[in-house]
Every structure is written in C-alpha cells, then in structure tokens.
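**Q** Got a structure for you, questions after.
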Amino acid sequence: MNYILGIETSCDETSAAVVDTNGKVLANVIASQIDTHKEYGGVIPEIASRMHVEAINLTTEQALQTAQKEMRDIAAIAVTYGPGLLGALLIGLQAAKTLSYIHKIPLIGINHMEGHIFANFLDKDKFAISYPYLCLIVSGGHTQLVIAEKANVYKTIARTIDDAAGEAYDKVARLLQLGYPGGPIIDKIAKTGNSQKIKFSQLKLKDKESLNFSFSGLKTAVVNYYRKNPQADKADICASFQQAVVEQLVVRTITAAKKYQITNVYLAGGVSANSALREAFSLEAKKSGINLAFPPMKYCTDNAAMIAGAAIPKYLDGKYSGLNIKAEPNLKI
Ligand code: KG4
Ligand code: ZN
C-alpha cells in the first residue's frame, strides 16, 4: 500500500494527514486557531501565519506518529497551494517542499477547493468516483457549483456574485454578537427558533436565467430587520436567515442538476456541515431522483485528509509538481 502525506495551512487550521491510495484516512491532525481568532471576530492573517509556523512541525510529526508511519513510508506529499491567505499558504508549502527535497519524495500541489470535493471520497470501501458529478462547494470564502466531467477536469457553472454563504453566516453572527465562526453557532441556535417567523427578502429563485448565488442582500435584510427590531428573538432571526440560505443553495443546485442532467450530486466545504442544509438537501434530492452525498462532519471544515485525498488520482497518474510551485491566493478551480 502507498501512503500520501497531506499538508493544509490555507486559513486558520494547521493540518497534516496520512491517507492511503484507497482513500483510507490513517491520521488527520488539526491544530485549530479558532480560539485565538475568536477574540477578533475573524481571522487575522498575520496571526494565522505565525501560528502555522509554530504548529506545522509538531502537527506533521503527530500525523505520522498516529498513522504509525515514517517519512520513508510516504510515497507523495500533497499540499494546498491556493486559494487562501498568502502568508498562511507559504508556511505549508515551504514545509512540504522541504520534506520533499530532503526525503526525495514527489510533491503534489492541490487546489483547496478540489480538496473539499475529495472529502466526499475518503474512508469508503474503495476509491471509486462516478463521473460526471455536480458539486456544491460552500465554504467561508467560496460558494460555487462545479461539474467534474472526468478526473482533473472541472467546470464552474455558477458562483456567488458577492458574499460566500459561510461569510454571510459569519457576518450575521457578528451582527447578533453570537461569536465566531458564525456557521456552527447559528446552526445550533436556529434549532430553537421559528424559521417561518421572518420572511427575509432575497434574490428571486424562480429566475432560471442564472444559477449564480447572492447572499449580500440577505445579509442586509437581516441587518435592517435587527436595527428595527432589536428586541426580536435571536433564535427566530437565525432560523429565518438559515432557511433563506438553505433554500437558495438547494433550489440552485437542484435546478443545475436538472439542467445539466447530472444525477450524482455532492456537497462540500465548511457550510456542508450545516444540519438544516443536509436535511433539506436530502429531502429534495430524494424527490428529484438525485444521488446525493455529503462528507462526514469531520471532513467538512478545513483538514489535510481531503488534500491528501485529492492527490490520489494525480499520484496514480504521476502528475507531480515542481519544487518551484508558487502559492496562489486567488487560485480558481
Ligand atoms: O471550508 P471551511 O472550513 O473554510 C474555508 O475554506 O472557508 O469553511 C468555514 C466556513 C465558516 O464560514 C463557517 O462559519 C462555516 O464554514 N461553517 C458552517 C457550519 N460549520 C462551519 N456554516 C453553517 N453551518 C455549520 N454547521
Ligand atoms: Zn476550506
């Protein structure tokens, strides 16, 4: 069996993982910086970089230890080279390049968004992907619909024209003074609220012209409502806001699946951990005859196992990166 070491440092999680070429995760160590960034209500790039420097060696060592592997057992090193924060990306990339150079192990640069998609293919009985598939990637920085026709060939058919869904969650949570990151907090609070209480206006979902997303207007609607109704129950605001986000994501994705006649649909990214989103999607997919899958919760938010997973087909095809690979903060899929 061959093993891939994954390294991820694109935002506020330093992570290292060991995954075999069947997609089985032997170790996935995550050093989260959330408790530090929480105090500022969001990620501070300079602090993120410094914390990655402090954590990267230990995290990598722990991943190897947990997997009971040594560098000589590793067949390839997969590392995120974008998109993400430049200073943060550079730390993981430099660590991976150094290990690759010293141990003479091939390096494979991975697009973070492709990594999120591959969170769906980990820990299965065998590593088999059915093409074509449609994937809704919803994270803190991105909201896009991607079609994969075959391995390594992606087409983005829709994206957000303003904020990402996770960003909207984080901004609404900040407005309501609920803490950071907003997604999991709103998800929890919304369970006790009435999602039908407030009808926040948002883009017209019946407009079939475009499949693009927009969350900025919805966020403004929440801001305006809260200003006018400061005594309103926050649980109702959270539930109603979440309902609008989920509706948009589900309607757009199902419309796209029908338009492009694709039956395999995946969710990916931090927001795919959302309980209401998973529930609504499962229901609608069933009605529409769509095979829907989403990653296990532990692989939804940033982690290195998904990065190592995305490297499997590239490793098997011998598609390696040079040691001159650069960090690309705005890398597209
Ligand atoms: O994928 P991710 O870990 O990082 C990026 O690549 O951006 O996603 C982080 C985002 C944050 O905006 C966070 O609020 C959101 O995912 N998130 C959630 C949930 N868990 C994380 N949003 C809604 N519901 C959740 N349960
Ligand atoms: Zn991410």
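**Q** Relative to the first principal axis of the alpha-carbon coordinates of the chain, what is the inclination of helix 86-103, with its axis defined by its Cα atoms, in degrees from 0 to 90 and to the nearest 10?
**A** Around 20 degrees separate the two axes.
**Q** Let me check against my output: what whole-number percent is the relative contact order of region 163-246, with C-alpha pairs under 8 Å and at least 6 apart? Don't skip to the answer; put the middle values down first.
**A** Values: 110 pairs, mean separation 34.7, N = 84.
Worked out over region 163-246, it gives 41 percent.
**Q** How far apart, in nm, are the 7 Å Cα→Cβ label points at Asn324 and Ser130?
**A** 4.3
**Q** To the nearest 10 degrees, how steeply does helix 45-67 sit against the main Cα axis of the chain, on a 0 to 90 scale?
**A** 60
**Q** Continuing with the same structure: Determine the distance separating the Cα centre of region 216-274 from the Cα centre of region 293-313; give it in Å without decimals.
**A** Each part's Cα centre sits 23 Å from the other's.
**Q** Relative contact order of region 93-148, please, whole-number percent, based on alpha carbon pairs below 8 angstrom and at least 6 residues apart. Could the numbers behind the result be given before it?
**A** On the way: 34 pairs, mean separation 11.4, N = 56.
Across region 93-148, relative contact order equals 20 percent.
**Q** Over the chain, with a Gaussian network built from C-alpha contacts below 10 Å, which listed residue (Pro230, Pro313, Pro106) shows the highest mean-square fluctuation?
**A** Pro230
**Q** By a straight-distance test (C-alpha under 18 Å), which aspartates and glutamates pair with Lys219 as possible cross-link partners, with residues fewer than eight away in the same chain excluded?
**A** Asp162, Asp163, Glu167, Asp170, Asp187, Asp233, Asp236, Glu247
**Q** OK, next. From the gyration tensor of the Cα coordinates in region 197-300, what semi-axes in whole Å does the equivalent ellipsoid have, largest first, with each one equal to sqrt(5λ)?
**A** Details: eigenvalues 145, 57, 23 Å².
Each semi-axis is √(5λ); the values are 27, 17, 11 Å.
**Q** Distance check, please: which entries in Lys191/Lys286; Lys171/Lys286; Lys69/Lys155 exceed 27 angstrom between their Cα atoms? The partial results should precede the final answer.
**A** Details: Lys191/Lys286 23 Å; Lys171/Lys286 32 Å; Lys69/Lys155 37 Å.
Long pairs (Cα-Cα over 27 Å): Lys171/Lys286; Lys69/Lys155.
**Q** So if the hydrodynamic radius of the chain is defined as the Kirkwood radius over C-alpha pairs, what does Stokes-Einstein give as its diffusion coefficient at 10 °C and 1.306 mPa s, in µm² per second? Provide the component values of the computation, followed by the final result.
**A** Values: Rh = 20.3 Å.
For the chosen part, D equals 78 µm²/s.
**Q** Now for a different question. What is the dipole size for the chain, taken about its Cα centre, with +1 at each Lys and Arg Cβ and -1 at each Asp and Glu Cβ, in debye to the nearest 20?
**A** On the way: 36 positive and 30 negative charges, 204 e Å.
Roughly 980 debye for the chain.
**Q** A further question follows. Could you work out the longest stretch of the chain that avoids the GluC sites (Glu not before Pro) located in DSSP loops with at most 13 other Cβ atoms within 10 Å?
**A** Between the exposed loop sites, the longest stretch runs 71-208.
**Q** Now, a different point. For a quick check, take a GNM of the chain with Cα springs below 10 Å and name the residue from Ile307, Ile102, Ile91 with the largest mean-square fluctuation.
**A** Greatest mean-square fluctuation among the candidates belongs to Ile102.
**Q** Using a Gaussian network model on the chain with a 10 Å cutoff between Cα atoms, which of Asn57, Asn274, Asn212 fluctuates the most?
**A** Ranking Asn57, Asn274, Asn212 by mean-square fluctuation puts Asn57 first.
**Q** Using only DSSP helix segments of four residues or longer, with each worth -39500 (n - 2.57), what per-residue ellipticity at 222 nm results for the chain after dividing by its residue count and rounding to 500? Intermediate values should be presented prior to the final figure.
**A** Numbers: 10 runs with 137 residues, N = 333.
Calculated at 222 nm, the ellipticity per residue is -13000 deg cm²/dmol.
**Q** What length, rounded to one decimal in nm, is gained on full extension from Lys188 through to Lys228, with 0.36 nm per residue of separation minus their alpha-carbon distance?
**A** Numbers: separation 40, 0.36 × 40 = 14.40 nm, distance 2.43 nm.
Stretched fully, the Lys188-Lys228 segment lengthens by 12.0 nm.
**Q** Considering only Thr301, Gln248, Gly270, whose Cα is most displaced toward the positive end of the charge dipole of region 247-307, charges sitting on Cβ of Lys, Arg (+1) and Asp, Glu (-1)?
**A** Gln248
**Q** What percent do you get for the relative contact order of the chain when only Cα pairs under 8 Å and 6+ apart count? Let's see the in-between values first.
**A** On the way: 735 pairs, mean separation 83.2, N = 333.
Relative contact order, the chain: 25 percent.
**Q** Please give the helix 165-175 orientation as an angle from the longest Cα principal axis of the chain, in degrees from 0 to 90, rounded to the nearest 10.
**A** Approximately 60 degrees, to the nearest ten.
Computed from the coordinates by the stated procedures, all read-outs in this text should not be read as laboratory data. Being a predicted model, the structure only gives us computed values, none of them experimental. Note that each Cβ is placed from the backbone with ideal geometry, even for glycine, and that neighbours are counted across all protein chains shown.
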